[in-house]
Amino acid sequence: MLMAHPALLTDLLERYEALSVLHAEEGSAGARQRLEDVSYTLCIATGTRDIDSALAAARRQLSGARPDDDALMADA
């Protein structure tokens, strides 16, 4: 199974958290759509089908990742 690069997962988690707050504060259609988009991307990146599983998988993958692990980016 392919695994997303730790930097991508970190970015997606940060965007999800920020958009969750924005959606809770604004409740606008735009904020909701952006939250749905990042949720979908997190699911794809982690190979899961729902956001709770995606968040757990991303955090689990990051907890085992080395901060400077660029192995997946080498020779790209």
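The values are calculated or read from the model by the stated rules, or taken from the named source; none is laboratory data. Since the model is a prediction, treat every value here as computed from it, not as a measurement. Every residue, glycine among them, receives a Cβ derived from its backbone with ideal geometry; neighbour counts consider all protein chains shown. Heads up: the accessible areas ignore ligands, DNA and RNA and are worked out on the full protein's heavy atoms, side chains in. Shrake-Rupley method; radii C 1.70, N 1.55, O 1.52, S 1.80 Å.
Cβ-Cβ distances below 6 Å connect the following pairs, each with a first residue in segment 7-23 that is touching a residue at least 40 places away in the same chain (Cβ under 8 Å), a second residue that is buried (at least 18 other Cβ atoms within 10 Å of the Cβ) and small (G, A, S), and a separation of six or more residues or different chains: L9/A58; L13/A58. The residues of segment 1-12 that are surrounded by fewer than 18 Cβ atoms within 10 Å (Cβ to Cβ) and either in a helix (DSSP H, G or I) or polar (S, T, N, Q) (or both), listed by number, are A7, L8, T10, D11.
Residue-by-condition table, conditions (1) of a type in the set (G, A, S); (2) free of Cβ contacts under 8 Å to residues at least 24 places away in the same chain; (3) in a helix (DSSP H, G or I):
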{"position": "E36", "(1), (2), (3)": "no, yes, yes"}
{"position": "S39", "(1), (2), (3)": "yes, yes, yes"}
{"position": "L42", "(1), (2), (3)": "no, no, yes"}
{"position": "L55", "(1), (2), (3)": "no, no, yes"}
{"position": "Q61", "(1), (2), (3)": "no, no, yes"}
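How many residues are within 22 Å of Q61 (Cα to Cα) and either among the small types (G, A, S) or open to solvent by 60 Å² or more (accessible area, probe 1.4 Å) (or both) if we restrict to segment 13-40? Explain how you work it out, then say what you get.
To start, the set of residues in segment 13-40 that are within 22 Å of Q61 (Cα to Cα) comprises 13-20, 35-40.
If we keep only those that are either among the small types (G, A, S) or open to solvent by 60 Å² or more (accessible area, probe 1.4 Å) (or both) too, we end up with 14-15, 17-18, 20, 36-37, 39-40.
The number of residues fulfilling the criteria is 9.
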